[in-house]
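Okay, so here's the structure we're looking at.
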Amino acid sequence: MKTLLFLCTGNYYRSRYAEILFNHHAIAAGLPWKADSRGLMPDAWNPGPMSRDTMAALAKQQIPYDTYLRLPIRVEDADFQAADHVVAVKELEHRPMMERSFAKWLALVEFWHVDDLDCCGPEDTIPHLDREVAALLDRLRSGAFQPPQ
């Protein structure tokens, strides 16, 4: 089983949604991949274990998320060491954080361009994550997947 690590700032909204969505579809497709997620700067400003927008979007798709309910987790070097692939959901936001705190892992990260709530609402972010996760799953299924070197 290979490990995929999704990163965002708070590990509360985008990375959690991507993790659960990916795992749901990877299991259904029989792919030997399992996703996890972490935050580059999780903090106590978020109420509860996961964003209500994330839970609502998953519920709308009838994707169970109860087993994923946990408080956000800060990424550590061991998470990068254990991952076969890493995706940070917004390059403009997460590349500087990676450069400051985890520069030695930077070359291994695939960057997406999915905005957070400061730029747009879940009506834009969730479909964007849906498309990105679907494209990643397609690359994994087709054998066209090439992790960054």
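Taken together, the values in this text are just the output of simple stated rules run on the coordinates, not laboratory data. What you see is a predicted model; the values in this text were computed from it and never measured. Note that we place each Cβ from the backbone using ideal geometry, even for glycine, and neighbour counts take in every protein chain shown.
A residue that is charged (D, E, K, R), part of a helix (DSSP H, G or I) and under 17 Å from the mean Cα position of the chain (by Cα) occurs nowhere in segment 113-123.
Yes or no, residue by residue, for (1) of a type in the set (S, T, Y); (2) within 21 Å of P127 (Cβ to Cβ); (3) touching a strand residue (DSSP E or B) at 6+ places or on another chain (Cβ under 8 Å):
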residue	(1), (2), (3)
G10	no, yes, yes
A28	no, yes, no
R38	no, no, yes
M41	no, no, yes
Q62	no, yes, no
R70	no, no, no
H94	no, yes, yes
K104	no, no, no
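Within segment 83-104, not a single residue is assigned to a helix (DSSP H, G or I) and under 23 Å from P32 (Cα atoms). Within segment 76-97, the residues that satisfy the criterion of being in contact (Cβ under 8 Å) with a residue 40 or more places away in the chain and under 19 Å from D116 (Cα atoms) are V86, V87, A88, V89, K90, E93, H94, M97.
Scanning segment 38-75 for residues that are charged (D, E, K, R) and free of Cβ contacts under 8 Å to residues at least 24 places away in the same chain gives R52, K60, D66, R70.
Among the residues of segment 28-82, those identified as over 19 Å from F145 (Cα atoms), in a helix (DSSP H, G or I) and either hydrophobic (A, V, I, L, M, F, W, C) or touching a Ser or Thr at 6+ places or on another chain (Cβ under 7 Å) (or both) are M55, A56, A57, L58, A59, A78.
Cβ-Cβ contacts under 6 Å between residues 6 or more apart (or on different chains), taken from a first residue in segment 128-144 that is under 18 Å from I20 (Cα atoms) to a second residue that is in a helix (DSSP H, G or I) and not acidic (D, E), are listed as L129/Y17; L129/A18; V133/A18; V133/L21; V133/F22; L137/H25.
Residues that are among the aliphatic types (A, V, I, L, M) and surrounded by 12 or more Cβ atoms within 10 Å (Cβ to Cβ) within segment 103-131 comprise L106, L108, V109, V114, L117, I126, L129, listed in sequence order. Residues in segment 57-75 that are among the acidic types (D, E) and over 20 Å from A26 (Cβ atoms): 0 in all. Condition first: touching a Phe, Trp or Tyr at 6+ places or on another chain (Cβ under 8 Å), in contact (Cβ under 8 Å) with a residue 24 or more places away in the chain and either hydrophobic (A, V, I, L, M, F, W, C) or surrounded by 12 or more Cβ atoms within 10 Å (Cβ to Cβ) (or both). Can you find one or more residues in segment 24-31 that meet it? Within segment 24-31, one or more residues are touching a Phe, Trp or Tyr at 6+ places or on another chain (Cβ under 8 Å), in contact (Cβ under 8 Å) with a residue 24 or more places away in the chain and either hydrophobic (A, V, I, L, M, F, W, C) or surrounded by 12 or more Cβ atoms within 10 Å (Cβ to Cβ) (or both).
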